[in-house]
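Novice: First, the structure itself, so that you have it in front of you.
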Amino acid sequence: MDQTRVFKIASIPADGVGKEVVAAGRKVLQAVAAQSNGKFAFDWTEFDWGCEYYAKHGVMMAPDGLETLKDFDSIYFGAVGWENVPDHVSLWGLRLNITQNFDQWANIRPVKFLPGVTSPLRKADNTELDWIVVRENSEGEYAGLGGRSLSGRGPGNEIALQTALFSEKGCERIIRFAFELARTRTVKKVSSVTKSNAQQYGMVLWDETFERVALEFPDVRTESVLVDAMSAKFILNPEDLSVVVASNLNADIFSDLGSALAGSLGLAASANLNPERRFPSMFEPVHGTAPDIAGQGICNPIGAIASAALMLDHFGLQAEARQVQAAIESATAAGQLTRDIGGTADTQTATDAIVAALSSTLAAV
Ligand code: GGG
């Protein structure tokens, strides 16, 4: 038999429900590896970085953490943020530290409507809905440029600048990525979202870059939509969407909107990709730490498990990725639903149902 391919994965559950959903995703991945007949295996290293680590060490991750992570094939992440650390400190200290320094510039966030899960959209009852939000993940409103000043003038006088950065190269690479992704889909269409009527520099540069790149993809339909109009479209005409590409902040908002429309924030998966593979990519559910339900064993593991499927796809294990997605769908269709999507299953039961469905879905993919 050929040698087993071993994928080295850094697991960073971090805070709140991140710990529970990463454990669930690992269980599913282990089951997939066990069924591979020695084709591949996962070698896990867990890091205890996050807000508890901050309480002990005053930093969100080890000072040499990025150096350590570089050697892994990928990173499996939970969620970051807790009440003991200001949100901007925890986010920049861990998640954004990794995405920015590993140039994970493409963040894909599929919006999937699952069988057995009720959507708040009436249209979803009888319309096929399936789209992907592509988030520019390295600059835009998250460039981290700016500062605060003038507090010395006394209360009420401080100023703050938060500057968005749009580079032509940054726009072009994410727009091109969106077009290439659209070419792999049944509906070959890219919707570009900006607010270029009001933001006349960066977003006009984005729009012009979109028009230029579109010329290279005559087989892909396009539209350029303002962010406010796209918000309405998500609700009124979602059947018209296939790939939606937007800046860092706008796409972050759209992915929450999309997952809420699919039934719950707990469902949405994401992949932070360094497409050149100079650095490991990072896979995580879109949702945050959910302090209201953390530690109770009742959170929805699907966002994390679907992110694990994206990781399999990234490893070139396309059949196994489809197998995991099919197992998720088989479990929800059978009514194995956590509370956020109208069921009574706890995290473990929902995870076990997906693991149990793996063997039947293996043959189907
Ligand atoms: N798993 C996603 C996560 O931890 N998100 C925390 C968060 O607040 N993210 C904001 C952002 O990335 O824009």
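Novice: Six or more apart or on different chains, Cβ atoms under 6 Å: show the pairs whose first residue is in segment 56-80 and among the charged types (D, E, K, R) and whose second is at pLDDT 95 or above and surrounded by 12 or more Cβ atoms within 10 Å (Cβ to Cβ).
Specialist: Hits for this filter: 73/7; 73/8.
Novice: Could you check, for segment 310-324, whether at least one of its residues is assigned to a loop (DSSP other than H, G, I, E, B), within 13 Å of the ligand (Cβ to nearest atom) and of a type outside the set (Phe, Trp, Tyr)?
Specialist: no
Novice: Can you name the helices (runs of 4 or more DSSP H) wholly within segment 81-190 that have at least 3 residues being touching a Phe, Trp or Tyr at 6+ places or on another chain (Cβ under 9 Å)?
Specialist: 96-101, 168-183
Novice: So which of 244, 324 ends up being farther than 24 Å from residue 352 by Cα and touching a residue at least 40 places away in the same chain (Cβ under 8 Å)?
Specialist: So the residue among 244, 324 that is farther than 24 Å from residue 352 by Cα and touching a residue at least 40 places away in the same chain (Cβ under 8 Å) is 244.
Novice: Another question about this same structure. Considering only segment 338-351, state which residues are without any contact (Cβ under 8 Å) to a residue 12 or more places away in the chain and touching a strand residue (DSSP E or B) at 6+ places or on another chain (Cβ under 9 Å).
Specialist: 344, 345
Novice: Still on this structure, I have one more. So residue 197 ticks every box in (1) exposed (fewer than 10 other Cβ atoms within 10 Å of the Cβ); (2) assigned to a loop (DSSP other than H, G, I, E, B) but one. Which box is left unticked?
Specialist: (1)
Novice: Let me ask another. Anything in segment 96-106 that is buried (at least 21 other Cβ atoms within 10 Å of the Cβ), within 18 Å of residue 11 (Cβ to Cβ) and of a type outside the set (Phe, Trp, Tyr)? List them, or say none.
Specialist: Residues satisfying the conditions are 98, 99, 104.
Novice: A further question on this structure: Hey, among 84, 37, which residue is over 15 Å from the mean Cα position of the chain (by Cα) and on the phi > 0 side of the Ramachandran plot?
Specialist: Only one candidate passes the filter, namely 37.
Novice: Additional query: Looking for whichever is part of a strand (DSSP E or B), among the small types (Gly, Ala, Ser) and either in contact with a strand residue (DSSP E or B) (Cβ under 8 Å, 6 or more places away or on another chain) or in the same structural domain as residue 126 (by TED's automatic domain parsing) (or both) here; the options are 259, 270. Which one fits?
Specialist: Being part of a strand (DSSP E or B), among the small types (Gly, Ala, Ser) and either in contact with a strand residue (DSSP E or B) (Cβ under 8 Å, 6 or more places away or on another chain) or in the same structural domain as residue 126 (by TED's automatic domain parsing) (or both) holds for just one of 259, 270, which is 270.
Novice: Shifting gears a bit: Suppose we filter segment 93-104 for residues that are within 14 Å of the ligand (Cβ to nearest atom) and not aliphatic (A, V, I, L, M); how many remain?
Specialist: Matching residues across segment 93-104 total 6.
Novice: Would you point out which residue out of 262, 306 is out of contact with any His (no Cβ under 8 Å at 6 or more places or on another chain) and over 19 Å from residue 25 (Cα atoms)?
Specialist: Checking each option against the conditions leaves just 262.
Novice: Also, I was wondering about something else. Of all residues in segment 218-256, how many are outside any helix (DSSP H, G or I) and within 16 Å of the ligand (Cβ to nearest atom)?
Specialist: Number of matching residues: 2.
Novice: Given the residues 235, 305, which is the only one that is closer than 20 Å to residue 120 by Cβ and touching a residue at least 24 places away in the same chain (Cβ under 8 Å)?
Specialist: After applying the criteria, what remains is 235.
Novice: While we're looking at this one, here's another question. How many residues does segment 113-137 hold that are surrounded by fewer than 23 Cβ atoms within 10 Å (Cβ to Cβ), in contact (Cβ under 8 Å) with a residue 60 or more places away in the chain and of a type in the set (Lys, Arg)?
Specialist: Within segment 113-137, residues that are surrounded by fewer than 23 Cβ atoms within 10 Å (Cβ to Cβ), in contact (Cβ under 8 Å) with a residue 60 or more places away in the chain and of a type in the set (Lys, Arg) number 1.
Novice: As an exercise: evaluate residue 260 against (1) farther than 18 Å from residue 112 by Cα; (2) within 16 Å of the ligand (Cβ to nearest atom); (3) surrounded by fewer than 18 Cβ atoms within 10 Å (Cβ to Cβ) and give the number of the one condition it does not meet.
Specialist: Tallying (1) farther than 18 Å from residue 112 by Cα; (2) within 16 Å of the ligand (Cβ to nearest atom); (3) surrounded by fewer than 18 Cβ atoms within 10 Å (Cβ to Cβ), residue 260 fails exactly one: (1).
Novice: For the structure I just gave you, tell me whether residue 45 is more than 16 Å from the ligand (Cβ to nearest atom), touching a residue at least 12 places away in the same chain (Cβ under 8 Å), out of contact with any Gly (no Cβ under 8 Å at 6 or more places or on another chain) and assigned by TED's automatic domain parsing to the domain that holds residue 347.
Specialist: When the stated conditions are applied, residue 45 passes them.
Novice: Next question, about the same structure. Among the residues of segment 52-74, is there at least one that is assigned to a strand (DSSP E or B), touching a helix residue (DSSP H, G or I) at 6+ places or on another chain (Cβ under 7 Å), within 16 Å of the ligand (Cβ to nearest atom) and not hydrophobic (A, V, I, L, M, F, W, C)?
Specialist: So far as segment 52-74 goes, yes, one or more of its residues are assigned to a strand (DSSP E or B), touching a helix residue (DSSP H, G or I) at 6+ places or on another chain (Cβ under 7 Å), within 16 Å of the ligand (Cβ to nearest atom) and not hydrophobic (A, V, I, L, M, F, W, C).
The values are calculated or read from the model by the stated rules, or taken from the named source; none is laboratory data. Predicted model, so just to flag it, every value in this text is computed and none were measured. When we count neighbours, we look across all protein chains shown, and the Cβ atoms used for this are built from the backbone with ideal geometry, even at glycine.
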